[in-house]
Amino acid sequence: MEIISKFTVGSDQGIDYLFSVMRPYIRNRYQEIISPEKIEEYLAEYVEYKKMINVLNDLSTQLIMVFVDDEPVGYCLFKSGSSYSGSPEGKRMTEIIDFALLPEYDLPEVRQSLWNKSRSAITFTDSIWINTTENDPIVRFFKDLGFLFVKDTVLKNFSVPSGIFELELK
(Lines give C-alpha, C1' and ligand atoms only; values in the text may rest on other atoms or scores of the structure.)
Protein backbone atom coordinates (compact mmCIF):
# COMPACT_ATOMS: atom_id res chain seq x y z
CA MET A 1 0.00 0.00 0.00
CA GLU A 2 1.54 3.27 -1.17
CA ILE A 3 0.43 6.29 0.89
CA ILE A 4 1.13 9.83 -0.33
CA SER A 5 -0.18 13.07 1.18
CA LYS A 6 0.22 16.21 -0.89
CA PHE A 7 -1.04 19.72 -1.51
CA THR A 8 -3.97 19.86 -3.91
CA VAL A 9 -5.05 22.96 -5.80
CA GLY A 10 -8.51 24.12 -6.79
CA SER A 11 -8.30 22.76 -10.33
CA ASP A 12 -11.05 20.62 -11.88
CA GLN A 13 -9.06 17.50 -11.01
CA GLY A 14 -8.35 18.74 -7.47
CA ILE A 15 -12.04 19.46 -6.85
CA ASP A 16 -12.99 16.06 -8.30
CA TYR A 17 -10.53 14.37 -5.92
CA LEU A 18 -11.87 16.36 -2.99
CA PHE A 19 -15.54 15.70 -3.76
CA SER A 20 -14.88 11.98 -4.34
CA VAL A 21 -13.93 11.84 -0.65
CA MET A 22 -15.98 14.68 0.84
CA ARG A 23 -19.43 13.55 -0.29
CA PRO A 24 -19.22 9.93 0.93
CA TYR A 25 -17.39 11.03 4.08
CA ILE A 26 -20.14 13.52 5.03
CA ARG A 27 -22.89 11.00 4.30
CA ASN A 28 -21.21 8.36 6.43
CA ARG A 29 -20.00 10.66 9.21
CA TYR A 30 -23.34 12.28 9.99
CA GLN A 31 -25.80 9.48 9.11
CA GLU A 32 -26.49 8.66 12.76
CA ILE A 33 -27.27 12.23 13.88
CA ILE A 34 -28.64 13.99 10.76
CA SER A 35 -31.46 12.87 8.47
CA PRO A 36 -30.43 11.76 4.97
CA GLU A 37 -32.59 14.56 3.51
CA LYS A 38 -30.72 17.24 5.52
CA ILE A 39 -27.38 15.75 4.49
CA GLU A 40 -28.34 15.81 0.82
CA GLU A 41 -29.62 19.40 1.13
CA TYR A 42 -26.29 20.39 2.68
CA LEU A 43 -24.30 18.62 -0.05
CA ALA A 44 -26.35 20.24 -2.81
CA GLU A 45 -25.90 23.71 -1.34
CA TYR A 46 -22.34 23.68 0.02
CA VAL A 47 -20.40 20.91 -1.71
CA GLU A 48 -20.52 22.65 -5.04
CA TYR A 49 -17.76 23.43 -7.56
CA LYS A 50 -17.91 27.23 -7.69
CA LYS A 51 -18.11 27.56 -3.91
CA MET A 52 -15.21 25.17 -3.37
CA ILE A 53 -13.05 26.89 -5.99
CA ASN A 54 -13.68 30.18 -4.18
CA VAL A 55 -12.74 28.56 -0.86
CA LEU A 56 -9.53 27.12 -2.31
CA ASN A 57 -8.61 30.36 -4.06
CA ASP A 58 -8.49 32.10 -0.68
CA LEU A 59 -4.75 32.26 0.04
CA SER A 60 -5.31 31.51 3.73
CA THR A 61 -6.96 28.16 2.92
CA GLN A 62 -4.98 25.04 2.04
CA LEU A 63 -5.99 21.54 1.02
CA ILE A 64 -3.93 18.42 1.63
CA MET A 65 -5.17 15.18 0.09
CA VAL A 66 -4.01 11.71 1.05
CA PHE A 67 -3.86 9.03 -1.65
CA VAL A 68 -3.56 5.27 -1.24
CA ASP A 69 -2.31 3.54 -4.35
CA ASP A 70 -3.11 6.73 -6.34
CA GLU A 71 -6.75 6.86 -5.12
CA PRO A 72 -7.91 9.86 -3.05
CA VAL A 73 -9.01 8.59 0.38
CA GLY A 74 -8.88 11.61 2.69
CA TYR A 75 -8.20 15.29 3.07
CA CYS A 76 -7.37 18.06 5.50
CA LEU A 77 -8.77 21.50 4.75
CA PHE A 78 -7.36 24.23 6.96
CA LYS A 79 -7.42 28.01 7.19
CA SER A 80 -4.79 30.20 8.78
CA GLY A 81 -5.81 33.34 10.62
CA SER A 82 -9.12 31.81 11.68
CA SER A 83 -10.08 32.02 15.33
CA TYR A 84 -13.08 30.84 17.32
CA SER A 85 -15.46 32.95 19.38
CA GLY A 86 -13.83 33.78 22.69
CA SER A 87 -10.27 32.93 21.62
CA PRO A 88 -7.50 35.18 22.99
CA GLU A 89 -6.89 38.42 21.08
CA GLY A 90 -3.68 38.61 19.10
CA LYS A 91 -3.17 34.86 19.02
CA ARG A 92 -2.20 33.48 15.60
CA MET A 93 -4.49 30.51 14.99
CA THR A 94 -5.14 27.97 12.28
CA GLU A 95 -8.47 26.19 11.97
CA ILE A 96 -8.75 22.65 10.70
CA ILE A 97 -12.01 22.99 8.81
CA ASP A 98 -12.13 19.29 7.98
CA PHE A 99 -9.90 16.29 8.65
CA ALA A 100 -11.61 13.45 6.84
CA LEU A 101 -10.82 9.90 5.84
CA LEU A 102 -13.05 7.41 4.10
CA PRO A 103 -13.92 4.79 6.76
CA GLU A 104 -12.29 1.91 4.90
CA TYR A 105 -9.00 3.88 4.83
CA ASP A 106 -9.13 5.26 8.37
CA LEU A 107 -5.96 3.39 9.28
CA PRO A 108 -3.21 4.66 11.60
CA GLU A 109 -0.62 4.96 8.82
CA VAL A 110 -3.02 6.84 6.49
CA ARG A 111 -4.19 9.16 9.28
CA GLN A 112 -0.59 9.82 10.34
CA SER A 113 0.52 10.59 6.78
CA LEU A 114 -2.28 13.13 6.36
CA TRP A 115 -1.51 14.70 9.75
CA ASN A 116 2.25 14.86 9.14
CA LYS A 117 1.85 16.65 5.81
CA SER A 118 -0.83 18.98 7.19
CA ARG A 119 1.18 19.80 10.30
CA SER A 120 4.29 20.54 8.22
CA ALA A 121 2.23 23.01 6.18
CA ILE A 122 0.74 24.74 9.23
CA THR A 123 3.50 27.13 10.20
CA PHE A 124 3.70 30.56 11.82
CA THR A 125 0.79 29.87 14.14
CA ASP A 126 0.40 29.78 17.90
CA SER A 127 -2.25 27.08 17.91
CA ILE A 128 -4.32 24.76 15.75
CA TRP A 129 -8.00 24.18 16.50
CA ILE A 130 -10.90 22.11 15.24
CA ASN A 131 -14.64 22.22 15.90
CA THR A 132 -16.14 18.74 15.82
CA THR A 133 -18.69 16.52 17.51
CA GLU A 134 -17.65 14.40 20.49
CA ASN A 135 -18.60 11.22 18.64
CA ASP A 136 -16.28 12.02 15.71
CA PRO A 137 -13.89 9.05 15.47
CA ILE A 138 -10.99 11.46 14.82
CA VAL A 139 -11.32 13.09 18.29
CA ARG A 140 -9.26 10.32 19.92
CA PHE A 141 -6.50 10.84 17.35
CA PHE A 142 -6.42 14.60 17.98
CA LYS A 143 -6.42 14.10 21.75
CA ASP A 144 -3.48 11.71 21.37
CA LEU A 145 -1.66 14.48 19.47
CA GLY A 146 -2.17 16.81 22.42
CA PHE A 147 -5.33 18.67 21.41
CA LEU A 148 -7.31 19.71 24.47
CA PHE A 149 -11.01 20.40 24.82
CA VAL A 150 -11.59 24.18 25.03
CA LYS A 151 -15.34 24.70 25.02
CA ASP A 152 -18.75 23.48 23.94
CA THR A 153 -20.22 25.05 20.83
CA VAL A 154 -22.35 24.20 17.80
CA LEU A 155 -21.19 22.68 14.52
CA LYS A 156 -21.96 25.27 11.84
CA ASN A 157 -22.87 22.98 8.97
CA PHE A 158 -25.61 21.05 10.80
CA SER A 159 -26.29 23.05 13.99
CA VAL A 160 -25.54 20.13 16.28
CA PRO A 161 -23.66 20.25 19.61
CA SER A 162 -19.90 20.10 19.21
CA GLY A 163 -16.68 21.03 20.93
CA ILE A 164 -13.59 23.03 20.12
CA PHE A 165 -10.30 21.22 20.58
CA GLU A 166 -7.02 23.12 20.42
CA LEU A 167 -3.32 22.26 20.18
CA GLU A 168 -1.01 24.92 21.59
CA LEU A 169 2.20 25.18 19.59
CA LYS A 170 3.88 28.16 21.25
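Summary table below
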quantity: The lone exception for Leu18 - which of (1) at pLDDT 95 or above; (2) not in a helix (DSSP H, G or I) it fails; calculated: (2)
quantity: Where Glu109 falls short, out of the listed (1) among the charged types (D, E, K, R); (2) part of a helix (DSSP H, G or I); (3) without any contact (Cβ under 8 Å) to a residue 24 or more places away in the chain; calculated: (3)
quantity: From Glu168, Glu104, residue being surrounded by fewer than 19 Cβ atoms within 10 Å (Cβ to Cβ) and touching an Asp or Glu at 6+ places or on another chain (Cβ under 8 Å); calculated: Glu168
quantity: Scope the stretch 38-83; condition assigned to a strand (DSSP E or B), farther than 15 Å from Tyr17 by Cα and free of Cβ contacts under 8 Å to residues at least 24 places away in the same chain; matching residues; calculated: Lys79
quantity: Selected residue (criterion: farthest from Asp98 (Cα to Cα)) from residues of the stretch 115-170 that are modelled with pLDDT under 90 and of a type in the set (Lys, Arg); calculated: Lys170
quantity: Failed condition for Thr125, given (1) touching a Lys or Arg at 6+ places or on another chain (Cβ under 6 Å); (2) in a strand (DSSP E or B); calculated: (2)
quantity: Where a residue in the stretch 145-169 is at negative phi and its partner, wherever it lies, is basic (Lys, Arg) and exposed (fewer than 15 other Cβ atoms within 10 Å of the Cβ), with Cβ under 8 Å and at least six apart; calculated: Phe158/Lys38; Gly163/Lys151; Ile164/Lys151; Phe165/Lys143
quantity: Residue that is nearest to Gln62 (Cα to Cα), among those in the stretch 120-141 that are surrounded by 17 or more Cβ atoms within 10 Å (Cβ to Cβ) and free of Cβ contacts under 8 Å to residues at least 40 places away in the same chain; calculated: Ile130
quantity: Any hit, the stretch 85-98, residues being surrounded by fewer than 20 Cβ atoms within 10 Å (Cβ to Cβ) and of a type in the set (S, T, N, Q); calculated: yes
quantity: Among the residues listed as Ser83, Ser11, Ser60, the single one being touching a Lys or Arg at 6+ places or on another chain (Cβ under 6 Å), modelled with pLDDT under 95 and closer than 25 Å to Arg119 by Cβ; calculated: Ser60
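The values are calculated or read from the model by the stated rules, or taken from the named source; none is laboratory data. On a predicted model such as this, the values are computed, not experimentally measured, just so you know. Heads up, the Cβs are rebuilt from the backbone with ideal geometry, glycines too, and the neighbour counts pull from every protein chain shown.
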